[in-house]
Structures are given as structure tokens and as C-alpha cells.
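First comes the structure, then the notes that go with it.
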Amino acid sequence: MQKTELEKYYEKFDEDHRLKTRHGQVEFFVTMKNILAAANGDFSQAQEGAASARPNAPLKILDVGAATGAYSVPLSRQGFDVTAVELVPSNLQKLRAKHEKVKCWKGDARDLHFLDGAAFDIVLLLGPLYHLHAEEDKLKALTEAARVAKKGGLIFCAYTMNEYAVTQYCFGQNKIKENLASGQIDKSFKTVSRDGDLYSYVRLEDINALKEKSGLERVKIFSPDGPADYMRRELNAMDQETFELFKNYALEISERPELLGAGSHLVDVLRE
């Protein structure tokens, strides 16, 4: 069977390494802090009826688009009951080879029929929406996540952001004129997603529109990396103490409205 472009990409791309780089560590630190806060019930009663339903059992977390387990593995090691779903066979093989207490499934975020409804306290979509271009497909992923989440459960939806792509790649690599000429960028400097493209880049208004059409309620929205991806060289030059301060700074400013959408990623936390 011929491999998809996504499969070819992730066979070469090392997600575990990305989150070990300093800019990746910032993204992981801020995202994990928010996941653990949700697990502890710190999101304004967001999990009312979910975490309290089985107080003696570990919270059930579903990681859809788990890749090689960058989040699944550490969450499992912290005692959570973790299920991982991954579309790319090579990623799934690497995750299973780690022999962690993570239940693994091959599957697509748009169709989780093999999972029971209302089963998970927290659902992570920290990758699938990067690669789904059509609004219909993104809504299918959100609908499936909502179906398998418990009443009051939280859904973490990560997106890749338009302005980071335009500034860093189109202008940063001096390709903006050819991007405009080819129609990859429109007159408002918005990326135009096409079949065959690996990533779908969005603006805050696109995320807001998806939330409204999904019928889900926003609990919070945050930038997991903030300015980190623009400061790779500077982060690498920091001593460890300064870098730890930067990580805490990134966490502190992660929900500031004037900065939302400026980083390379954005995470929308939703519930029914």
C-alpha cells in the first residue's frame, strides 16, 4: 500500500526530539501544566460530574494523534489511565515499543467508533487539527472528541497559527512573493490550505468559528509556546536558571489576549 504524505513526513520527523529542544520544552511545560490543572479540577468546576463520578479511580485520558507518546507516556507514569490513538503506523510502532502502560489504537481523529462514548475525563487533540484542512473534517474531529468525553470532560484542541507561518517561512525564507503568486497566500496574508499540504494554518477567528459551529463551550484558550519559537537561538544561549525563568514567564503570559495567535500554536480547551 502506498504511504501517505503524512506517513512519509512523520517517518522522518522526530517529535520526541522536538519537545526536547528548548523551544519544544516551553510548549510541553505550558501544555502539561494546563493538562494537570484540568486533571486536578482547577478549571472553574470544568470537570464537575466527570472526575467526581469515580473518585477512587484514576482519571481517564485519551490522547488522539498521540504520535510516539510525548504526552501519553508521562501522563501514564503519573498514574492516569491513558489511551492513545495514532494514525501513522511508524509512530504507533515506536509508542508500542516503549512498553508503557498506555492502551494503543490505530485510528483517525474523525472516526473513533472503536471507543465508547462518554468514557474519558480529558481528551487531547494536540496534533490532528494541524493536518485537517477542510472545516468539515475539523468539525468531525471535534464531534468525535465530544462524543467520547464524559459529561463535563475537557477537550484540548491544538492549532498551528497563520502569522507564525507567514513571518517565519514566507518572509523569513524570502518566499512571500512566490507564495502570493501561487495562491498559497491570499491578499490578507492568510494561508490557503490545499489537499496535499501537510499543515493547516489558522487565525483566532477561524478557531472561534469552529468552536461556535461545534456547539462546544470554551473553558480557556492559551498559547503553549508564546514567543519561544521566535527565540530559538536566544533560548539555546540561556543558562539553566534563566531558561527556567523563561518557562515560567511563558506560562504566566500564555492566556494574555493581546498575545493569543502570535505564537506558533494555540490550544483551545472546550467542553459540552
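Taken together, the residues in the range 59-92 that are touching a residue at least 60 places away in the same chain (Cβ under 8 Å), assigned to a loop (DSSP other than H, G, I, E, B) and more than 17 Å from the chain's Cα centre (by Cα) amount to 1. Picking from residues in the range 93-115 that are in contact (Cβ under 8 Å) with a residue 24 or more places away in the chain and closer than 16 Å to residue 14 by Cβ, the one that is nearest to the chain's Cα centre (by Cα) is 95.
Could you please let me know if residue 146 is aliphatic (A, V, I, L, M) and touching a residue at least 40 places away in the same chain (Cβ under 8 Å)? Before you say what the answer is, go through the steps one by one.
Working: aliphatic (A, V, I, L, M): yes; touching a residue at least 40 places away in the same chain (Cβ under 8 Å): yes.
The answer is yes for residue 146.
The single condition among (1) within 14 Å of residue 210 (Cβ to Cβ); (2) open to solvent by 10 Å² or more (accessible area, probe 1.4 Å) that residue 129 does not meet is (2).
Would you confirm whether or not the range 4-20 contains a residue that is of a type in the set (Val, Ile, Thr) and either buried (at least 22 other Cβ atoms within 10 Å of the Cβ) or modelled with pLDDT of 95 or more (or both)? So far as the range 4-20 goes, no, none of its residues is of a type in the set (Val, Ile, Thr) and either buried (at least 22 other Cβ atoms within 10 Å of the Cβ) or modelled with pLDDT of 95 or more (or both). In summary, residue 124 fulfils each of the numbered conditions (1) within 18 Å of the chain's Cα centre (by Cα); (2) of a type in the set (A, V, I, L, M, F, W, C); (3) surrounded by fewer than 21 Cβ atoms within 10 Å (Cβ to Cβ) with the single exception of condition (3). Looking across the range 216-234, the residues that are on the phi < 0 side of the Ramachandran plot, open to solvent by less than 30 Å² (accessible area, probe 1.4 Å) and of a type outside the set (Ser, Thr, Tyr) come down to 216, 221, 222, 224, 225, 228, 229. The test for being under 22 Å from residue 6 (Cα atoms), buried (at least 22 other Cβ atoms within 10 Å of the Cβ), of a type in the set (A, V, I, L, M, F, W, C) and out of contact with any strand residue (DSSP E or B) (no Cβ under 6 Å at 6 or more places or on another chain) holds for residue 142. Scanning the range 61-92 for residues that are open to solvent by 50 Å² or more (accessible area, probe 1.4 Å) and under 22 Å from residue 129 (Cα atoms) gives 87, 89.
Within the range 142-190, the set of residues being among the aliphatic types (A, V, I, L, M) and part of a helix (DSSP H, G or I) comprises 142, 145, 146, 148, 165, 166, 176, 180, 181. Within the range 116-141, restricting attention to residues that are in contact (Cβ under 8 Å) with a residue 60 or more places away in the chain and assigned to a helix (DSSP H, G or I), the residue that is farthest from residue 82 (Cα to Cα) is 135. Among the residues of the range 155-164, are any in contact with a Cys (Cβ under 9 Å, 6 or more places away or on another chain) and surrounded by 13 or more Cβ atoms within 10 Å (Cβ to Cβ)? No, there is no match, as no residue in the range 155-164 is in contact with a Cys (Cβ under 9 Å, 6 or more places away or on another chain) and surrounded by 13 or more Cβ atoms within 10 Å (Cβ to Cβ).
Restricting the range 21-58 to residues that are under 22 Å from residue 249 (Cα atoms) and of a type in the set (Asp, Glu) leaves a set whose member that is modelled with the highest pLDDT is 27.
The values are calculated or read from the model by the stated rules, or taken from the named source; none is laboratory data. These numbers come from a predicted model, not from an experiment. Virtual Cβ from ideal backbone geometry, glycine too; neighbours counted across all protein chains shown. Accessible surface areas use protein heavy atoms only, side chains included; no ligands, DNA or RNA. Shrake-Rupley method; radii C 1.70, N 1.55, O 1.52, S 1.80 Å.
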